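The values are calculated or read from the model by the stated rules, or taken from the named source; none is laboratory data. Since the model is a prediction, treat every value here as computed from it, not as a measurement. Neighbour counts run over all protein chains shown; Cβ positions are idealised from the backbone, glycine included.
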Amino acid sequence: MTPLDPPLNPQTGKPLAATDLEAIFPKELIRQEMSAERWIDIPDEVREILKLWRPTPLYRAHRLEEHLKTPAKIYYKYEGVSPAGSHKPNTAVPQAYYNMKAGIERIATETGAGQWGSALSMATSFFDLQCRVYMVRASFDQKPYRKSIMQVWGAECVASPSELTNSGRAILKEHPDTGGSLGIAISEAVEDAATHDNTNYALGSVLNHVLLHQTVEGQELKKQLAIVDDYPDVIYGCVGGGSNFPGMCFPFVPDKLKDKKEIRMVACEPAACPTLTKGLYAYDFGDTARLTPLLKMYTLGHDFIPPSIHAGGLRYHGDAPLLCNLVHDGVIEGQSFHQNEVFKAAVTFARTEGILPAPESAHAIKPAIDDAIECKKTGEEKTIVICLSGHGHFDLSSYDAYFSGNLVDYEYPEELVKQSLAKIPKF
Amino acid sequence: MINPVAGMGGVVGLKGTDGLAEEARRRGAKPAAPRRAETALKDLLGLDALFFTASGEMGESALRRCGLEYQVVHRASEESSAEDTKKACISFLEKGADLVVFCGGDGTARDVSGVIRSKIPIIGIPAGVKMHSGVFAISPRAAGELIRGDLEGDLNTRETEIVDVDEEKYRSGTLDTKIYGIAMTPYQPVLVQERKQIYASRDEDEFKLQIAIFASEFMRDGSAYILGAGTTTAKIAEVLGVEKTLLGVDVVQNGRTICRDASERDLLGILEEVGKAKIIVSPIGAQGFVLGRGSQQISPKVLRKAGPENLIIVATPHKLKETPRLLVDTGDFDLDETISGKRQVICGYRIAQRKEVVASSKVGTDEND
């Protein structure tokens, strides 16, 4: 196995020191970020809160199996039962907790589609912290009820770019009508945290400590399957920055590496933003504004702005370094899908199992259905697990667009991009 | 400006009405253009606008029947002709009109745009036999909405191609299409799909620029690039800093033009010399023809020699939204078949769409008649 390449300080080009992060993260989270320990205890205060909805249910998709007439066994682990509607609270709660412990009074963050902002709003309300969420303007306008739900949990949700930060004001001066971007929202939140003494920053994906918190999913999955004496042949999960999917499958990685278990773990991404399947494995910035450390990951380039697909949560140019490392070593594989086929699978799922999947989560349903249909031909009684990371109750305008035939199938022109990069000097 | 005889030839199998209105009438064709014009105009009642028009069936009668305010600025001859169209358009410009609305087909579009050029926007109410030009609305009712939107200031305008087929040759079985000019036309911004676009721009020009910047990057590979006609490929040349004939086909290699306004023979010669080349084309006209309209120098021979896999299609999301599928009609059915299917169309910086490309022989060529 290839050891994980460290994040680099972009100024020095040297591996990042813990002190580099102290301005925006509490010490305990930095320790977890850099830890190589196998187990890190979950504090009782965090367990108490996670108990509100955990363990999340593992369902057997009997009706979907029947509909497909497949001999395969399809399971799905449903993270949409959390109060915020997705897997995001799994890390929002511990992050809020460690910040509270460190004496921090306020947290600033960004959100794209709104899942992360909602989860952190809830988590901060549990620990009496203030929270400000910079939400990408385009999503802010498109999903107004995200703001409402954050307000219910006591957080302040502002459209980004905003008049509240230097980076926001600078962008607005040049582009008063801009819909914003995740890169800009990150810059605003980081600036907010760096310029307020009592304020820290929180990130909902990509980083090691986030993935660590999410592994609660996979540990539950393993125990739940053991109860019915089963074990996955394959796990499908969607990947945007990579937190839900690694959380679900990392606990199975040692089985594959040490015990030589035959298990496939498939990271599912949109064809419009195919980081793992078409990206370059290299050091790159985590954000558009080049504020973050350099991370070794599969990347489409920090200047790449993915097209406007309806799975907003999967529009990220890079992916978690831990996940990328395992993809690079062939332990985990990537697959990409077009949005129309993904929505079609989501509708089939909703009409058989009842649950309305988030468009992001539906990326994992599509290949699971294909796989189950293939089993019909081979007769294989494969055990298939879908990570159903959230519900789609805030995404109904996207379903509308699908039904009215207005969804465009974007894709990434890989050959031409490679051709164009061939003559550019390397970073 | 209504061409009262537009479309009459199509119904009776004449593939166009240029110079054949009398024959069409003899074969029993009835004028349909005035009725189609009224469909577009009748929704405009109450709009604060004054219409300049030509007398009788060339506009006056339809405007009167729709109850719209108008002023006749050109007396048409008994048997209206292309001359009347052109003269009426000259008067429209003199009167300081803001928008030209005409009803007809590609022939009428040519006559109108020959006078108006890019001075003011043009909207075509579709009523002809052939309507490949980009100024046509998809239906008379849609034309009405565009007129209203343009006058109320809700729309952007863009450049588009005026395309026509030589009817004489077409009747004898040869399809010879040319781009005759560039006109300005209003369009509905792409709303639904682009809402989440970062730095969203409803402006088509910005997407043209994105495509051009991406192309200028991948064109550094040393290959010869055959650039088809049109405004998107012209933008690529502009970004590369090379000269390009707007209505012709040019060949660019390593940042310079190696052949201007190339003929089929020129292209074959270059292919002979350099071994292989890549071809960049953009859909022409309202129906989304990628090949077989506009740049016919890029012939089946040229395509086969370059290799169909070296065909790169570029188009703005706006253009792609207008057409459910792209069409090819090279005249070589096997080649059309090879090219058709789901293809990648570059629509922005490092962004493509997957779009259906269909051999037009499979959809029938007369769907607009």
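Of note:
- The one condition in (1) at pLDDT 85 or above; (2) over 16 Å from the mean Cα position of the chain (by Cα) that B:Asp203 fails to fulfil: (1)
Let's see how each residue does on (1) under 23 Å from B:Glu217 (Cα atoms); (2) part of a helix (DSSP H, G or I); (3) at pLDDT below 85:
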site	(1), (2), (3)
B:Ile312	yes, no, no
B:Gly331	no, no, yes
B:Asp336	no, yes, no
B:Gln344	yes, no, no
B:Val358	no, no, no
B:Asp366	no, no, yes
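- Restricting the range A:303-342 to residues that are part of a helix (DSSP H, G or I) and within 14 Å of another protein chain (Cβ to nearest Cβ) leaves a set whose member that is nearest to A:Asp5 (Cα to Cα) is A:Leu314.
- Matching residues, the range B:37-66, being touching a Cys at 6+ places or on another chain (Cβ under 8 Å) and over 18 Å from B:Ala6 (Cβ atoms): B:Lys42, B:Leu44, B:Leu45
- Considering A:Ser160, A:Ser167, the condition of being of a type in the set (S, T, N, Q), within 13 Å of chain B (Cβ to nearest Cβ) and under 19 Å from A:Gly286 (Cβ atoms) is satisfied by A:Ser160 alone.
- Residue check: A:Ala123 meets all listed conditions (1) in contact with a helix residue (DSSP H, G or I) (Cβ under 9 Å, 6 or more places away or on another chain); (2) within 14 Å of chain B (Cβ to nearest Cβ) but one, namely (2).
- Any hit, the range A:171-181, residues being within 14 Å of another protein chain (Cβ to nearest Cβ), charged (D, E, K, R) and over 21 Å from A:Glu79 (Cβ atoms): yes
- The one condition in (1) surrounded by fewer than 24 Cβ atoms within 10 Å (Cβ to Cβ); (2) more than 14 Å from chain B (Cβ to nearest Cβ); (3) at pLDDT below 95; (4) within 22 Å of the chain's Cα centre (by Cα) that A:Pro144 fails to fulfil: (2)
- Residue within the range A:57-74 that is modelled with pLDDT under 95 and not polar (S, T, N, Q) present: no
One line per residue, one yes/no per condition, for (1) away from chain A (no Cβ under 14 Å); (2) surrounded by fewer than 17 Cβ atoms within 10 Å (Cβ to Cβ):
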| residue | (1), (2) |
| --- | --- |
| B:Ala262 | yes, no |
| B:Glu273 | yes, yes |
| B:Val302 | yes, no |
| B:Arg325 | no, yes |
| B:Ala352 | no, no |
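- Scanning the range B:108-121 for residues being buried (at least 24 other Cβ atoms within 10 Å of the Cβ) and within 12 Å of the chain's Cα centre (by Cα) gives a total of 2.
- Condition check for A:Leu421: within 22 Å of A:Glu269 (Cβ to Cβ), assigned to a helix (DSSP H, G or I) and of a type in the set (A, V, I, L, M): yes
- Look at (1) surrounded by fewer than 21 Cβ atoms within 10 Å (Cβ to Cβ); (2) within 13 Å of chain A (Cβ to nearest Cβ); (3) modelled with pLDDT of 85 or more and you find that B:Pro317 fails only one, number (1).
- Out of A:Gly85, A:Gly103, one residue alone is among the small types (Gly, Ala, Ser), surrounded by fewer than 24 Cβ atoms within 10 Å (Cβ to Cβ) and either at pLDDT below 95 or within 22 Å of A:Asn200 (Cα to Cα) (or both). It is A:Gly103.
- Within the range A:12-25, residues that are not assigned by TED's automatic domain parsing to the domain that holds A:Arg106 have Cβ atoms under 7 Å from residues that are modelled with pLDDT under 90 and not hydrophobic (A, V, I, L, M, F, W, C) in these pairs: A:Leu16/A:Pro293, counting only partners at least 6 apart in sequence or on another chain.
- Residue match in the range A:372-394 (condition: within 14 Å of chain B (Cβ to nearest Cβ) and modelled with pLDDT under 95): yes
- Residues in the range A:43-71 that are within 21 Å of the chain's Cα centre (by Cα) and not in a helix (DSSP H, G or I): A:Trp53, A:Arg54, A:Pro55, A:Thr56, A:Pro57, A:Leu58.
- Every condition in (1) at pLDDT below 95; (2) crowded, with 21+ Cβ neighbours inside 10 Å holds for A:Ile332 except the one numbered (1).
- Of the numbered criteria (1) touching a strand residue (DSSP E or B) at 6+ places or on another chain (Cβ under 8 Å); (2) of a type in the set (Lys, Arg); (3) within 30 Å of B:Thr316 (Cα to Cα), the one B:Lys87 fails is (3).
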